[in-house]
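The values are calculated or read from the model by the stated rules, or taken from the named source; none is laboratory data. Since we're looking at a predicted model, the values are computed, not measured. When we count neighbours, we look across all protein chains shown, and the Cβ atoms used for this are built from the backbone with ideal geometry, even at glycine.
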Amino acid sequence: MASGCSGYRPAPPAFHQGLEQPYVLGAGDRVRVTVFEQASLTNSYAVDQSGYISFPLVGAVPARGQTTKQVEKTLAEKLRQGYLRDPDVSVEVDQYRPIFVMGEVGAAGQYAYVPGLTVQKAVATAGGYTPRANQSDVDVTRDINGKVMTGRVPISDPLLPGDTIYIRERLF
């Protein structure tokens, strides 16, 4: 029985370092772009699967792996190139990409991420544990700097947008 667990290990140090870094955008996020005194450009834009937002006048703007401040700077530079003299651009996350809860929960599926979400709160959102669930710790899969990692974490651990939580079945 112990060999079934050997594929997982506690979360590596890089797993939790992502919690302390500025949030980077990814496919599935929606950003609210405000261009002051330009109501026609102010709107919410989705980060598409290729990692870009499609912005009027300038076209595709890279967003995946960028912070909102970096996207602000890129948009302002592109708008300066023949469209606006001195654009004042603000970018903020309007809606985070979803999380996924799988395994021994009442209603496995995709759920909206909200800041401050922990594993325990995500499980509650997914209908709670089934009677066979291992409730002590869970496996979380996370994209860290383009590398997908899975680690075993306690249920009090915070989550990031795009995380996949897997609740294992207990062995006894």
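General observations
- Segment 37-54, residues that are surrounded by 12 or more Cβ atoms within 10 Å (Cβ to Cβ) and not in a strand (DSSP E or B): Gln38, Leu41, Thr42, Val47, Asp48, Gly51
- Tally of residues being part of a loop (DSSP other than H, G, I, E, B) and at positive phi across segment 97-156: 5
- For segment 73-96, the candidate set comprises residues that are buried (at least 20 other Cβ atoms within 10 Å of the Cβ) and touching a Pro at 6+ places or on another chain (Cβ under 9 Å); within that set, the residue that is nearest to Val140 (Cα to Cα) is Tyr96.
- Taken over segment 10-40, the criterion of being of a type in the set (A, V, I, L, M, F, W, C) and in contact (Cβ under 8 Å) with a residue 24 or more places away in the chain is satisfied by Ala11, Ala14, Phe15, Leu19, Val24, Leu25, Ala27, Val31, Val33, Val35, Phe36.
- Test: residue in segment 79-94 that is at pLDDT below 95, touching a Ser or Thr at 6+ places or on another chain (Cβ under 6 Å) and polar (S, T, N, Q): no
- Exclusive hit being loosely packed, with under 14 Cβ neighbours inside 10 Å and either within 20 Å of Arg30 (Cβ to Cβ) or in contact with a His (Cβ under 6 Å, 6 or more places away or on another chain) (or both), set Gly116, Gly162: Gly116
- A search for C-beta distances below 8 Å between a residue of segment 66-78 that is over 15 Å from Thr34 (Cα atoms) and any residue that is part of a helix (DSSP H, G or I) and at pLDDT 95 or above, counting only pairs 6+ apart in sequence or on different chains, returns Gln66/Thr74.
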